[in-house]
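Structure first, commentary second.
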Amino acid sequence: MLVVEDDVTIAASIAARLRAEGFTVDVAHDGPAAVEADAAGEPELVVLDVMLPGFDGLEVCRRIQGRRPVPVLMLTARADETDMLVGLGVGADDYLTKPFSMRVLTARVHALLRRVQRSSSGASGARIVLGDLEIDVDQRRVARAGVAAQLTPIEFDLLVYFARRPRVVQPRERLLSEVWDWDVHGTSAGTRAVDSHIKALRRKLGADLIRTVHGVGYALEAGS
């Protein structure tokens with residue numbers, strides 16, 4: 001696991017808590033060091049602060065996600081919805097606003113790892129075809145009308161969840177529970193995270209892919 005935080009005290013506290021949970025943890029304090037540490041150690045999860053010297057956490061996230069898909073829990077010092085949406089847009093799976101409790105952080109880390117484990121234990125070779133949408137679950141590849149799209153881990157898992165239930169309306173709270181594995185549902189932060197990833201899927205695969213059911217949630221329209 002990789003912790004990227006320029007505040008040495010906060011980084012040490014996070015690393016100590018995660019080590020107490022049984023994880024092996026590396027620490028980086030700036031953008032370039034974070035990218036190097038990710039390439040060298042290939043951690044299974046990255047806890048990433050937004051504000052970093054060298055280059056910021058958004059650029060770190062872009063670079064590591066461009067090299068390989070990895071779950072990213074982003075930390076931000078501002079309760080600014082724009083920061084959250086930008087972070088999710090560059091490939092972060094989840095985010096926490098400072099100050100946060102270590103209990104919440106470890107709960108989010110475990111939830112992300114459970115989701116990854118659940119995704120990797122799916123049926124080998126599974127393939128989903130809905131109209132012009134093709135999803136290779138085993139290879140974690142997706143294309144629409146023959147054009148491949150690069151999705152982040154959470155975007156891919158969200159799409160697969162929809163594709164296994166085409167045209168069934170999914171409330172945001174259900175998506176948070178089943179895809180994010182969050183224990184607390186219905187928070188405004190959680191629903192904004194869902195909305196942000198839906199926007200990303202529409203941008204990458206077509207605005208007509210997912211239908212909004214106002215006041216309820218979303219439904220996949222591919223193959224209808």
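The values are calculated or read from the model by the stated rules, or taken from the named source; none is laboratory data. What you are looking at is a predicted structure, and each value in this text was computed from that prediction instead of being measured. Every residue, glycine as well, gets a Cβ built from its backbone with ideal geometry; the counts of neighbours run over all protein chains shown. Accessible surface areas use protein heavy atoms only, side chains included; no ligands, DNA or RNA. Shrake-Rupley method; radii C 1.70, N 1.55, O 1.52, S 1.80 Å.
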Exercise. How much FRET efficiency would the formula 1/(1 + (r/R0)^6) give for Val168 and Gln139, where r is the Cβ-Cβ distance and R0 is 25 Å, rounded to 0.05?
Worked result: 0.50
Problem set entry | Extended-chain gain in nm, criterion 0.36 nm per residue less alpha-carbon gap, Arg68 and Val216 | 49.9 nm
Exercise. Of Gly41, Ser196, Gly215, whose Cα points farthest to the positive end of the dipole of the chain (charges on the beta-carbon: +1 Lys, Arg; -1 Asp, Glu; origin at the Cα centre)?
Worked result: Gly215
Problem set entry | Student exercise, the chain dipole from Lys, Arg, Asp, Glu Cβ charges, in Debye to nearest 20 | 840 debye
For this session: Using the charge dipole of the chain (Lys, Arg: +1 at Cβ; Asp, Glu: -1 at Cβ; taken about the Cα centre), state which of Gly131, Val109, Val142 has its Cα farthest towards the positive end.
Result: Gly131
Problem set entry | 0 to 90° range, to nearest 10: angle between helix 153-163 axis and the chain longest Cα axis | 20 degrees
Problem set entry | Accessible area (Å², 1.4 Å probe, nearest 10) - Arg172 | 50 Å²
Seminar exercise, completed: Nearest 10, in degrees from 0 to 90: the angle of helix 102-120 to the longest Cα principal axis of the chain is 40 degrees
For this session: With the full set of protein chains in place, find how many percent of the accessible area of the chain is carbon and sulfur; take the probe as 1.4 Å.
Result: 50 percent
Exercise. How much of the DSSP beta bridge set in the chain is antiparallel, as a percent to the nearest 5?
Worked result: 55 percent
Problem set entry | Label of the coordinate-derived value, percent of Cα pairs over 22 Å apart, listed as (1) 63; (2) 44; (3) 50 | (3)
Exercise. How many Å² of accessible area per residue for the chain, probe 1.4 Å?
Worked result: 46 Å²
